[in-house]
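A short write-up of the structure that comes next.
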Amino acid sequence: MSIRKTYARFKWLSPLALVLIICLLSGVVACTSDDGPAGNPASSTAPDSSLQQTAETPDDPAAPSTKMQEETESTQADAFHEIGFVPDPDTTITIQLLEDEVNLNPLQEGNGFPVDSLSGCDLVYETLLKWDPEELTYKPGLAELLGIYADGIKLKIREDAVWHDGRPVTPEQIELSLYWMCKFTEGCREAEGLITKVETETDGELATDRIFLTLAENGKYYQALALDLLCRAPIMPANIWCEGRDPLTITEEELQIQADKQPLGTGPWQVKLNDSFQLVLERCVAVDNKPQYLMLRKYKDRLSKERAFANQEIDILGGTLPDDGNSSDYFTGKPLLSGIVVKRDHYLFKNIYYRNLLQLAVDTSKTGHILDSKAATTIFWHYFGGATLVSRLRPDLSKPVFAETYLANKWEIATRLGGTWDSDGVLHLEQQPLATLDLILPADPQVEAACRAFAQSALRQGLRLELVILDQETYGQRIDSHDYDLCYIQTTERLETPYSLAQDFLYHLDRDDFEELVTSGLSQQVRTLALALASAGTADDFVAAAKDCYQYSLQQMQFFPLGCRTINNGYFNSKYRQNISDYWATHLDKRDLTGNSASEILDSITAD
């Protein structure tokens, strides 16, 4: 291009460039003007006046103004989002999830991370209370339990109970959070309408840090249900998310938008960046030799996730890999108990000796290894609860007396049942083989193999079991309608509390509904046992109630454990694994990397 043509083009561009520069300068002036029409619109939630006054009058005259600080922080945040997060391996833990999805919505009931209301993960949002499966008691969350009364529950709010932006948590936000969780989530719906008021207690005319939650109904059942809700419902910045809308009529979809837009909690980690490739959390309070950032990769397909881990792009892979002898360090996740339950009104199992045959067929060392070779082992009377509870109860519980009686008197018992033993050890009734019993199970190779091993063991006790393998939908329908002789069940992935463990106790007895505890649907003995377990307020009370429930379960023998399967396993590629090893060696029931143990697991990690 000739110099003349270039100069002519430059002359043509100069006026346009000048106009653009003027426009840009005008925009900057408008944006930095306090009252200009192009300024930021006023927030729908006015800040506290006392905080505003303090911010405008700093103690140090030479200190930068609040406005200058906000502009600096805004510039840093903008740069962070524009450039993206570049992890420093000395200060950042990188995680990729195999099964769980990255989630920031506390109202979502599916498995997610770092927010998961099912398992109670408290990285970003916190619940008022926590149930500790190792200390077997309630621990402080956002609040401390002060007392349980006939008409309500008293709590003490934590001293530093503020949102990640510094605004204080209010009783109104707590009340609305509990209301939303009961209204929009199935797991908390049973408690809907139970807590009618959340009020701050006063000392004379001065407000205190104590709040009282008033219950609509009296009784141990409702107290237990309320405590379960306080352990399960994350507290959300209700009035901030409402943005002027009526909190009683706001929709779940609108709240989900706000949860993604303003993920504002009180937990130890706050959201720093969330884009299509990664979610970055920052520790709210920096701690020496502790990772400051947690970065979750968002690879979409499983192959990419496993390849990223194999290439050491990430420190931790959370989920379940095939049992192929992977050379990476492996840490077991949360155990889910599996077993066989009988139909309680089946004509054969009304006789305790037939249930005893199934009890003698239990071999969890064999079936447990088949279910999950890396899972923690269980024992034959492990009916509910974690390893800590089982260890506490082990000295006081043993095989039922009638099991030993049966082994010593097989021929006499066969006569009582109206049958004989053939040369192969199979029990015959009136010279006919015992009726074949259907065992329904979902289509799962490990479950099928474990159930087949159980059936072979049962055959040696004289029981013939026919495996009926079903798709998930049909399997669920058959369970709901009690259309089976025996069925395979697995405990659900959810946060454990005394209330939920009492539900498991009843479920293993093949009872339909825990709400029957407040009606006449259950026997007085069962109602008393379950209520004592659900409403236990101390570790000693809980252990004593659990012992009684275990002994009753052993006598009834309607659930027969196969073993445990684990979820949320951890696979490590990084230097942090040594610290994790120390943590795993000292904790039996807090190994859920993406669940309610996440905070403690991450806190256990220190830099070399």
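Nothing in this text is a laboratory measurement; each read-out follows from the coordinates by a stated rule. Keep in mind the model is a prediction, meaning the values are calculated, not measured. Cβ: placed from backbone, ideal geometry, glycine included. Neighbour counts: every protein chain shown.
Can you give the extra length, in nm with one decimal, that the chain gains between THR200 and GLU101 once fully stretched, where that is 0.36 nm per residue apart less the Cα-Cα distance? Answer, rounded to one decimal: 31.9 nm. Panel order for HIS482, HIS164, by other beta carbons found within 10 Å of each beta carbon, from fewest to most: HIS482, HIS164.
Please arrange CYS564, CYS284, CYS182, CYS121 by how many other C-beta atoms lie within 10 Å of their C-beta, fewest to most.
On the way: CYS564 25, CYS284 14, CYS182 19, CYS121 29.
Listing CYS564, CYS284, CYS182, CYS121 from fewest to most nearby Cβ atoms yields CYS284, CYS182, CYS564, CYS121.
Taking 0.36 nm per residue of separation and subtracting the current Cα-Cα distance, fully stretching the chain between HIS482 and GLU254 would add 78.2 nm. Look at where the Cα atoms of the range 83-130 and of the range 436-462 average out, and the two centres are 38 Å apart.
So if we plug the beta-carbon distance of LYS410 and GLN472 into 1/(1 + (r/R0)^6) with R0 = 25 Å, what FRET efficiency do we get, rounded to 0.05? Don't skip to the end; give the middle numbers.
On the way: r = 39 Å, r/R0 = 1.57.
That pair, LYS410 with GLN472, gives E of 0.05.
Principal semi-axes of the equivalent ellipsoid, √(5λ) from the alpha carbon gyration tensor of the range 133-253, are 21, 19, 15 Å from largest down.
Here SER365 and LYS139 are evaluated by their C-beta separation; at R0 = 30 Å the FRET efficiency comes out at 0.35.
Extending 7 Å from Cα along the Cβ direction at ASP288 and again at ALA216 yields two label points whose distance is 5.3 nm.
In terms of distances greater than 26 angstrom between alpha carbons, the cross-link table entries LYS130/LYS547; LYS547/LYS590; LYS220/LYS334; LYS154/LYS261 yield LYS220/LYS334; LYS154/LYS261. Ranking of THR185, THR538 by neighbouring Cβ atoms within 10 Å, starting from the fewest: THR538, THR185.
Work out how much length SER581 to ALA544 would gain on full extension: take 0.36 nm times their residue separation and subtract the Cα-Cα distance, in nm to one decimal.
That works out to 10.1 nm of additional length.
Note on GLU313 and TYR347: the model spin-label points, each 7 Å out from Cα along the C-beta direction, lie 6.3 nm apart.
In this label model, ARG460 and ASP603 are separated by 4.7 nm, measuring between points 7 Å along each Cα→Cβ vector. Derived scalar couplings between HN and Hα for the range 527-540 equal 4, 5, 4, 5, 5, 5, 5, 5, 9, 4, x, 10, 4, 5 Hz in order, rounded to whole Hz, by the Karplus curve 6.51 cos²θ - 1.76 cosθ + 1.60 (θ = phi - 60°), x for Gly and Pro. If you average the alpha carbon positions of the range 353-392 and of the range 566-608, how far apart do those two centres end up, in angstrom? Their Cα centres are 25 Å away from one another. Reported to the nearest whole Å, the Cα centre-to-centre distance from the range 249-321 to the range 467-502 is 32.
Derived scalar couplings between HN and Hα for the range 260-269 equal 6, 7, 10, x, 10, x, 10, x, x, 10 Hz in order, rounded to whole Hz, by the Karplus curve 6.51 cos²θ - 1.76 cosθ + 1.60 (θ = phi - 60°), x for Gly and Pro.
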